Amino acid sequence: MSIFSDLFGGKKNPANVPIPVLPADIYSSAAMELRDILAPSAVEIGSGFIKIGDKIAKNYFTMSYPKFLTEGWLAPIINLDKIFDVSIHIAPINSAEIMRDFQKKVAEVQSQIAAREKGGMVRDPELDIAYQNLENLRDNLQQASAKMFSVGLYITIYANNETDLFKVENEIRSMLESQMIYLKPSLFQQEQGFITGAPIGLDNLAVTMKLDTAPLSSFFPFISSELTDNKGILYGVNRQNAGLIIFDRYSMPNYNSVIFATSGAGKSYATKLEILRTLMFETEVIVIDPEREYEFLAESVGGRYFNISLSSTHHINPFDIPLPGPDESPSDVLRSNIIHLVGLFRIMLGGLSPEEDSIMDRAITETYALKDITTTSDFTHAEPPLMSDFEQVLASIEGADSLLERLRKYTHGTWAGFINNPTNVDINKKMVVFSIRDMEDELKAAAMYIITHYIWNAVRKNIRKRLLVVDEAWVMMQNDDAASFLFMLAKRGRKYFLGLTTITQDVGDFVRSRYGIPIITNSSIQLLLKQSPTAIDTLQQIFHLTDEEKYTLLESGVGEGIFFAGLKHVAIKVISSYTEDQIVSSDPNQILKMKKERQESLGNE
């Protein structure tokens, strides 16, 4: 009575409607239970489908297998980005019972072979092979080195409509039939098939095959790729099977890699670990460092650290020209250098019109000619010109007033100390770091271009096993000329034993450049660490990630992600020893603690 009073707001029933008296169990049965929430709104069972709510499902069973099953044959099906259930029912068969069946079967095959011999017929190879297989299997059963099982494999596919269901069915069928494994729908048994596919351990279809231990083992669906070479460095641990990921990037078609991760996901940490371990294998490492993260690592391994800024004492002259190699002509080297300088001036001056491009090309050529550097001269010992020399030549060319005005800030203004000096850096060390943290943001793209060009000239001069790391590569990707030069390094580096590692947290800026995707496709190794929700869809499209891999990257912790090497990829966790962690850590708290301990130890001495 009180319930109905509440419905009427505690007032008298205005219509004098009779209020029925209901049994108490009616109220208790109206309580919501978990099964009421999980159960679909309706179920419709047809001869070839079962409709569950607004989804349609169809069950299939495997009716035949090939003579030999290869390892991991089910893995491509499991990894399909579709909605379906795979149910494998395995039941052991009593060995004594199966041995009796084998004796009968062996006797039948023997009698067929004997009958053919008695009749003077040619031997049938299939009978001979069948007899040998039966004998081998019977021996294994008798020695208890193998067992027999009754195995049923069932697949239930889900879709929004019959058209989508048909597409998924054809895709799965074609993948299995290419391996001579055939499916059949559970016609007029869809209810039993659905229950069989559910994770409750009931096989209501009982469509099984007898298999021994060896082929049954190939049914194991969760096959993880192994990236353990006989040589190489440790990149991390396989998160699926705890195996070591040991790999040699110099064994790939090219030696390049790309690393994508959100801020704080551990991309610099993973890179520094790779550098530290790579140095043990007679490899020189050069780093372009935008945040001064590699200084302590360079000091720890006895490398060189150059701070490139407006007030720095370290300078690189962009007019330096490399010496021609054995297979290069001086004219080709000079022309290539002029093209690179025109690209640099596009970055420095904010773009060039076609007329200005032509003027710059002429001015650079005449500037080199002042120092007797021409396509026909021997410039082996020639002194390269400076930016001030180029300014004087440009001033003498008609129509160059606008270019000259924009250039003066690099020769007389606040930016004069940047590039108007002879080169005084040397990269003849096992590890060299160029820091551009203190460089003004407007000049960072130009600075990275000048540094990479200088490195490229040094790499071509002396071919050695090298690794070039460009951190925060999106800075270069924002400019077309800088991105083009980075792509050239990725394409041509292999010829000079150079591996390029590009690292970025801004995936959008990287792939928006027309050179972004080509750099990725020209990199044999890709490392994807934790990603932000805004970038994950772009990465999923580029790397063809499944939804499971997508969510793995979103939910990964620091130093966790997916490691790609060629066609293989595994879930990775980057690990380090205590000593390595002390050297490569980027954690500010840990760095401050180490600096304090170092100062205390120096004070005690």
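Only residues of segment 69-99 count here: report those whose backbone N is under 17 Å from the spot 7 Å along Cα→Cβ of Asn204, or say none.
85-89
Can you compute 3J(HN,Hα) from phi for each residue in segment 324-340, using the Karplus curve 6.51 cos²θ - 1.76 cosθ + 1.60 with θ = phi - 60°, rounded to whole Hz and x for Gly and Pro?
Taking θ as phi minus 60°, the curve returns x, x, x, 9, 10, 9, x, 5, 5, 5, 5, 4, 4, 5, 5, 4, 5 Hz for segment 324-340.
What is the distance, in nm, between label points placed 7 Å from the Cα along the Cα-to-Cβ direction at Ala395 and at Phe68?
Those two pseudo-labels are separated by 8.1 nm.
Apply 1/(1 + (r/R0)^6) to the Cβ-Cβ distance of Asp332 and Arg464, taking R0 = 22 Å, and write down the FRET efficiency to the nearest 0.05.
The calculated FRET efficiency here is 0.45.
Quick one: Ile245, Ile347, Ile129, Ile52, fewest Cβ neighbours within 10 Å first, how do they rank?
Ordered from fewest to most neighbouring Cβ atoms within 10 Å, Ile245, Ile347, Ile129, Ile52 come out as Ile129, Ile52, Ile347, Ile245.
For Ile129, what is the net charge nearby, where nearby means another residue's Cβ is under 12 Å from its Cβ and Lys, Arg count +1, Asp, Glu -1?
-2
When the helix-only estimate is applied to the chain (DSSP H runs of n ≥ 4, each -39,500 (n - 2.57), divided by the residue count), what is the mean residue ellipticity at 222 nm, nearest 500 deg cm²/dmol?
Helices in the chain give a 222 nm mean residue ellipticity of -13000 deg cm²/dmol.
Under a Cβ-Cβ cut-off of 15 Å, what is the net charge of the residues other than Thr552 that fall near it, where Lys and Arg count +1 and Asp and Glu count -1?
So the surrounding residues net to -3.
If you stretched the chain out fully between Arg406 and Glu299, how much longer would it get, using 0.36 nm times the residue separation minus the C-alpha to C-alpha distance?
34.6 nm
Quickly work out the Asn160-to-Lys429 label distance, labels modelled 7 Å from Cα along the C-beta direction, and quote it in nm with one decimal.
5.9
Taking amide H positions as placed in the peptide plane 1.01 Å from N, state which residues far from Met431 in sequence (5 or more) or on other chains have amide H under 5 Å from it.
Excluding prolines and chain starts, which carry no amide H, the hits are Val285, Arg304.
Quick one: length gained pulling Glu117 to Ser484 fully straight, 0.36 nm per residue minus the C-alpha distance?
Fully extending the segment from Glu117 to Ser484 adds 124.6 nm.
Measure nothing fancy, just the Cα-based angle from helix 480-492's long axis to the longest principal axis of the chain, in degrees from 0 to 90, nearest 10.
Tilt of helix 480-492: around 70 degrees.
Compute the angle between helix 588-604 and the longest alpha-carbon principal axis of the chain, please, reported from 0 to 90 degrees and rounded to the nearest 10.
60
So which of Lys491/Lys568; Lys430/Lys550; Lys82/Lys184; Lys429/Lys596; Lys461/Lys573; Lys231/Lys430 end up more than 31 Å apart, counting from Cα to Cα?
Lys430/Lys550; Lys461/Lys573
Quick one: 3J(HN,Hα) in Hz for segment 548-558, Karplus 6.51/-1.76/1.60 with θ = phi - 60°, rounded, Gly and Pro as x.
5, 5, 4, 5, 4, 5, 5, 9, 5, x, 5
So how much slack lies between Leu592 and Lys147, counting 0.36 nm per residue of separation and subtracting their Cα-Cα distance, in nm?
Separation in residues times 0.36 nm, less the Cα-Cα distance, equals 154.0 nm.
Once you keep just the Cα pairs under 8 angstrom separated by 6 or more residues, what percentage relative contact order results for the chain?
So the answer I get is 17 percent.
In whole Hz, what ³J(HN,Hα) sequence does segment 209-216 give by Karplus (6.51, -1.76, 1.60; θ = phi - 60°), x for Gly and Pro?
Along segment 209-216, the couplings run 10, 8, 10, 8, 4, 4, x, 5 Hz.
In degrees between 0 and 90, to the nearest 10, how far off the longest principal axis of the chain does helix 267-278 point, with axes built from Cα atoms?
For helix 267-278, the angle is close to 80 degrees.
Between segment 405-481 and segment 147-178, what is the separation of their alpha carbon centroids in Å?
56
Return the distance in nm (one decimal) between the two label points of a simple spin-label model at Glu555 and Arg437, each offset 7 Å from Cα along Cα→Cβ.
The modelled label-to-label distance comes out at 3.6 nm.
First measure r as the distance between the Cβ atoms of Ser577 and Ile83, then evaluate 1/(1 + (r/R0)^6) with R0 = 41 Å and state the FRET efficiency to the nearest 0.05.
The formula returns an efficiency of 0.40 here.
Write down the percent of antiparallel bridges among all DSSP beta bridges whose residues are both part of the chain, to the nearest 5.
Percent antiparallel among DSSP bridges in the chain is about 60.
First select every other residue whose beta carbon is under 14 angstrom from the beta carbon of Ile157; then total the charges, Lys and Arg +1, Asp and Glu -1.
Once all neighbours under 14 Å are counted, the net charge is +1.
What FRET efficiency comes out for Thr521 versus Glu126 if R0 is 41 angstrom and r is the Cβ-Cβ distance? Round to the nearest 0.05.
Computed FRET efficiency for Thr521 and Glu126 comes out at 0.30.
If amide H atoms are built 1.01 Å from N in the plane of the peptide, which residues on other chains or at least 5 residues away come under 5 Å of the amide H of Tyr182?
Here Met63, Ser64 satisfy the definition.
Read-outs: derived from the displayed coordinates by stated rules, not from any lab. All figures in this text were calculated on a predicted structure; none of them were measured in a lab. Positions of Cβ are generated from backbone atoms using ideal geometry, with glycine treated the same way; all protein chains shown enter the neighbour counts.
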